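In what follows, a single structure is set out as structure tokens and then discussed.
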Amino acid sequence: MKLMKHFISSDGAVDREQGWRSRRTDPSLPEVHRSVKIPHTSRTWFGTLRKLLAFSGPGYLIAVGYMDPGNWATDIAAGSQFYYALLSVVVISSLMAIFLQHLALKLGVATGRDLAQACRDHFHPVINYFLWIGCEIAIAACDLAEVIGSAIALNLLFGLPLIVGVCVTAGDVLLILYLQNKGFRLIEAFVLTLIGVIAVSFGIQIILSRPDLGALALGCLPSTEILHNPAMFYVAIGILGATVMPHNLYLHSSIAQTRNFERTSQGKRDAILFGTIDSSIALFFALFINAAILIVSAATFYTHGHHEVAEIEDAFKLLSPLLGVGVASTLFALALLASGQNSTLTGTLAGQVVMEGFLRLRLHPVLRRLITRLVAIIPAVIVTALLGEHGTAQLLILSQVILSLQLSFAVIPLVMFTSDKLKMGEFVNPLWIKITGWSLGIVIAALNAYLLWQTLVGVGAN
């Protein structure tokens, strides 16, 4: 702690009055910082709606991380094995996500720092180095899930070999660069369009699968059976671990600052309020998607006696025959492709935020994307070549375990910073949020430690 107190950043300035060890001089994502204009409107319902629409967008970029291909396997397995029993876990984990994203948004608006910058300006450089390395590994693991998911979708839709599909996904760097050059609003519109594709695809599949609404409603209520059934508990932990993405906390605290709101007390309050509404609505969309995957799996696979469906390819092959509708599998694969492409875009932005925030190092977007893509593509190609489809499924699960391990290292600093009155001023967390935040941090750390232990035991047993 003494080392931290005497740490002075490279800019030579110490901002102790606000609780930071260095004065922030570089904006987060400078090319889009304060680039979206916020209208100065009256307090009428129309003026309020205009302002809400101006703040809407970042939440949907965040929601993408909660419906990426890494979530699909756990949701499919949960539905096929345990019917609707784990729907309650999807609901609870989504509520946790809404809470944590609110804290990330509040940190960015109140302090003008994203989470990576806040860590850099608070912790000792050695601690920051390990936090940065861990976060980069987590982003690479998330990118790995997106590479595999997109490759599987291309294989299912067009018959491309998995290795070819993995390599094709590297080309999305050109799309991302184009969108970044055209403005942040276009990125948000593109993401929202793909979310719409996913939602429509699964909405149709829910109708086709004709779920038992009574059993579905009961599944939304927590059951003690989850704690007593080891297999069910393990899948439940997997859902929790795959839902809340650590890089989303870094990203949200940054893109909240793309809005050019007034830097007054009231301006910040409006930004936090409207930003929270935006992210909460968007995360309810993510809740719908994750619940829809589980519901379709339960109504289609579980009810027909297919209790061991856990791989995406198996789900694709069984959907149309079981539902009796040829387009069902195509809709499933199309949604998977949209999910993979959506997630890869936000993953690139998160990588930029983390690198700039921790290191003050800026790379050209193309170079940054190629680096993270190569880190993801190389292991994907090797495993696909050696083990085929089953190997990619295992690699997908491993990527979620890595993300789970990193989560606590993002959640704990986030709760710590937003609970510090010196740093947050009037926007500091009230007591009930402090208690809730620290409780969630402890629970997430414990559950993810258990998930890791179970995974290692399972690998050792095999």
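The values are calculated or read from the model by the stated rules, or taken from the named source; none is laboratory data. Because the structure is a prediction, the values reported are computed rather than measured. Cβ atoms come from the backbone with ideal geometry, glycine included; neighbour counts cover every protein chain shown. Heads up: the accessible areas ignore ligands, DNA and RNA and are worked out on the full protein's heavy atoms, side chains in. Shrake-Rupley method; radii C 1.70, N 1.55, O 1.52, S 1.80 Å.
Numerical summary
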read-out: With every protein chain in place, segment 280-349: carbon and sulfur % of accessible area (1.4 Å); value: 68
read-out: Violating pairs (Cα-Cα greater than 20 angstrom) within the set K51/K421; K106/K423; K51/K434; value: K51/K421; K51/K434
read-out: Accessible area expressed per residue, segment 22-101, with surrounding protein chains retained (probe 1.4 Å, Å²); value: 36
read-out: Compactness relative to 2.2 N^0.38 Å, alpha carbon Rg of segment 40-79; value: 1.93
read-out: Distance between modelled label sites at T44 and T436, nm, 7 Å Cα→Cβ extension; value: 3.4
read-out: Carbon plus sulfur fraction of accessible area for segment 34-81, probe 1.4 Å, in percent; value: 61
read-out: Measure of compaction for segment 209-317 (Cα Rg per 2.2 N^0.38 Å); value: 1.47
read-out: Within-9-Å neighbourhood charge of T41 [Cβ basis; K, R +1; D, E -1]; value: +3
read-out: Segment 213-336 - accessible surface per residue (Å², probe 1.4 Å); value: 37
